[in-house]
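**Q** I have a structure I would like to understand better, so I am pasting it below and will then ask my questions one at a time.
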Amino acid sequence: MWLSSIFERFVEKSPVTVIIRTMMEVVLADDFLDDLFDETAQKGYTKELLFSTLVKMMTEVVCSVSQSIGSVYKAMAEEIGVSKTAIYDKLNRLEPCVSQALVRETAFKLKQIIDTVPESSPKLLPNYRVKILDGNCLGATEHRLAVLRETRAGALPGKSIAVLSPDLGIVTDVFPCEDGHSQERSLLSDVLETVKTGDLWIGDRNFCTQGFIFGIVSKQASFIIRQHKGLPWQAKSELICEGRTEGGEVFSQDIALSYSDIELNCRRIVVKLEKPSRDGETEIAILTNLPESNADSILISQLYRKRWRVETLFQVVTQIFHCEIKTLGYPRAALFSFCMALVAYNLFSCLKTILSSVHGTDKIEGKLSYYYLAPDLEGTYRGMMIALPPELWEDFGQMSLTQLSALLQDWARQVNLSAFTSAPRKPKKKKPKPTYDPQHPHVSTARLLAKKNKSRASPPSK
């Protein structure tokens, strides 16, 4: 494959953008997306506007290449060939099952790329497929819909449960719901349908229900779930101190759970915290059916702490990838934008995996920042797509995964990591609160600066 000197210039100056765009050619190929829609949509159909066009438009918005769907439409109107009204009508009718399939299938493609990269960090727990799940409620939208104009209450367009694979670093599944007031637990029956033998599910107390726990066990899978106070249980032994972990002292005991005349023996791990949590709690209790020979109590408490990764994920897709577009009031459009933000997160996570395989995990994990990566893409992507038309990228989609992986790693070696690493914060010092005098509500900045400079210039008194 012949690469132009212009292409090589982009590889030299912004290899991150080239890597992301190349992975998009594999993961978000037009034919693949349109076939996915045809296979998944239950009522939706394709007339003139293709699903791949919607994905292309929304990708630019969630990655901040464009400010809104309207601005993308202005730039692509001639290419799209339909009215802006048709665009929004299609978005507003896009079924949640299509958005879910988009996340699932693109994650599977990214997993294939990740599997070709040398492992740079050990798995959380060997012989288990670890999955962390957590719920997310989309933020309130603007009151643009007619049904919202007579209320001042926040308009919630939906919520979802996302499933993160910490070993892969990507979201492998999502369970979207149009009802913003629904309980996360109402989606657990859908989650249970995906549970497989050998899984290890980690979740907070919202997922601590008898039906969900016993459903996991019935699939010969395992769980580490924080205990909900409303869950009935029976102690089989006293609490025994097992040692210390970061943040507190660890105790354990054997307990039994009952559900529909079935009894389950499991362990209850209690971490007595050194400092109260932000909710004022002094201890947390964790339930698990993992054999102690596979994971002791200390390790269980440490695995549960890995839940912060999924919370960090939601922070990234909200602040960096703009999953909450306030102007999209219809639930289906809002859920689609959220799922597209998850796809964007997965692309960047795959990039981090590739960089780790080349530069080492110690230089990437906890140091490489999405905050700095995203602007590099925003500032370069549009110009690159003008200089390098879509036809040039098609050859990458035809490469074998082995060839593609080798090429991506070669480009990754040219990434200047120092441009994307976060600066460590110094410990904050407690400062007295500034005084406020109602009699003097304003001050002169110039006079204060002059006073400060004068005090610096004057010699110290003897």
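The values are calculated or read from the model by the stated rules, or taken from the named source; none is laboratory data. Because the structure is predicted, anything quoted here is derived from the model rather than measured. FYI the Cβ positions are ideal-geometry reconstructions off the backbone, even for glycines, and counts take in every protein chain you see.
**Q** What about Lys111, is it farther than 30 Å from Asp179 by Cβ, at pLDDT 90 or above and under 20 Å from the mean Cα position of the chain (by Cα)?
**A** Values: farther than 30 Å from Asp179 by Cβ: yes; at pLDDT 90 or above: yes; under 20 Å from the mean Cα position of the chain (by Cα): yes.
Here the answer is yes, as Lys111 does meet what is asked.
**Q** Which residues, taken from region 234-250, are over 31 Å from the mean Cα position of the chain (by Cα) and either modelled with pLDDT of 95 or more or surrounded by fewer than 16 Cβ atoms within 10 Å (Cβ to Cβ) (or both)? Please lay out each step first, then the result.
**A** Taking region 234-250 first, the residues over 31 Å from the mean Cα position of the chain (by Cα) are 234-243.
Passing the criteria: Gln234, Ala235, Lys236, Ser237, Glu238, Leu239, Ile240, Cys241, Gly243.
**Q** Restricting the first residue to region 440-457 and requiring it to be surrounded by 10 or more Cβ atoms within 10 Å (Cβ to Cβ), which pairs with a second residue that is part of a helix (DSSP H, G or I) and among the charged types (D, E, K, R) meet a Cβ separation below 6 Å and a spacing of at least six or different chains?
**A** Cβ pairs passing all conditions: none.
**Q** When residues of region 365-383 are filtered for being part of a helix (DSSP H, G or I) and among the basic types (Lys, Arg), how many remain? So that I can check it myself, show each step before the final result.
**A** Residues of region 365-383 part of a helix (DSSP H, G or I): 370-383.
Okay, now just the ones that are also among the basic types (Lys, Arg), so 382.
Qualifying residue count, region 365-383: 1.
**Q** Could you look through region 376-392, keep only residues that are surrounded by fewer than 16 Cβ atoms within 10 Å (Cβ to Cβ) and not charged (D, E, K, R), and pick out the one that is nearest to Val26 (Cα to Cα)?
**A** Of all residues in region 376-392, those surrounded by fewer than 16 Cβ atoms within 10 Å (Cβ to Cβ) come to 378-379, 382-383, 386-387, 389-391.
With the extra rule that they be not charged (D, E, K, R), the set shrinks to 379, 383, 386-387, 389-390.
Working: Gly379: 22, Gly383: 21, Ile386: 20, Ala387: 20, Pro389: 16, Pro390: 13 Å.
In this case the residue turns out to be Pro390.
**Q** Six or more apart or on different chains, Cβ under 9 Å: which pairs go from a residue in region 305-320 that's over 16 Å from Leu347 (Cα atoms) to one that's assigned to a loop (DSSP other than H, G, I, E, B) and among the aliphatic types (A, V, I, L, M)? Could you list them?
**A** Lys306/Leu124
**Q** I'd like to verify a number: residues in region 335-364 that are under 25 Å from Cys97 (Cβ atoms) and either free of Cβ contacts under 8 Å to residues at least 40 places away in the same chain or not in a helix (DSSP H, G or I) (or both), how many?
**A** Residues flagged as under 25 Å from Cys97 (Cβ atoms) and either free of Cβ contacts under 8 Å to residues at least 40 places away in the same chain or not in a helix (DSSP H, G or I) (or both) within region 335-364 amount to 0.
**Q** Can you tell me which residues in region 314-330 are outside any loop (DSSP other than H, G, I, E, B) and crowded, with 23+ Cβ neighbours inside 10 Å?
**A** Our first condition is that a residue be outside any loop (DSSP other than H, G, I, E, B); within region 314-330, this holds for 314-319.
Listed by number, the list holds a single entry, Val317.
**Q** Could you grab the pairs with beta carbons closer than 8 Å, sequence gap of 6+ or different chains, first residue in region 144-164 and at positive phi and surrounded by 21 or more Cβ atoms within 10 Å (Cβ to Cβ), second one modelled with pLDDT of 90 or more and among the aromatic types (Phe, Trp, Tyr)?
**A** Within 8 Å, the pairs are Gly158/Phe338.
**Q** If a residue has to be outside any loop (DSSP other than H, G, I, E, B), surrounded by fewer than 15 Cβ atoms within 10 Å (Cβ to Cβ) and either in the same structural domain as Met23 (by TED's automatic domain parsing) or free of Cβ contacts under 8 Å to residues at least 24 places away in the same chain (or both) to count, how many in region 393-424 make the cut?
**A** Of the residues in that region, 8 qualify.
**Q** In region 216-225, what residues are surrounded by fewer than 20 Cβ atoms within 10 Å (Cβ to Cβ) and at negative phi?
**A** At the first step, the residues of region 216-225 found to be surrounded by fewer than 20 Cβ atoms within 10 Å (Cβ to Cβ) are 217-220.
Correct list: Val217, Ser218, Lys219.
**Q** Next up: Which numbered condition in (1) in a helix (DSSP H, G or I); (2) touching a residue at least 40 places away in the same chain (Cβ under 8 Å); (3) in the same structural domain as Val62 (by TED's automatic domain parsing) is the only one that Ile386 fails?
**A** (2)
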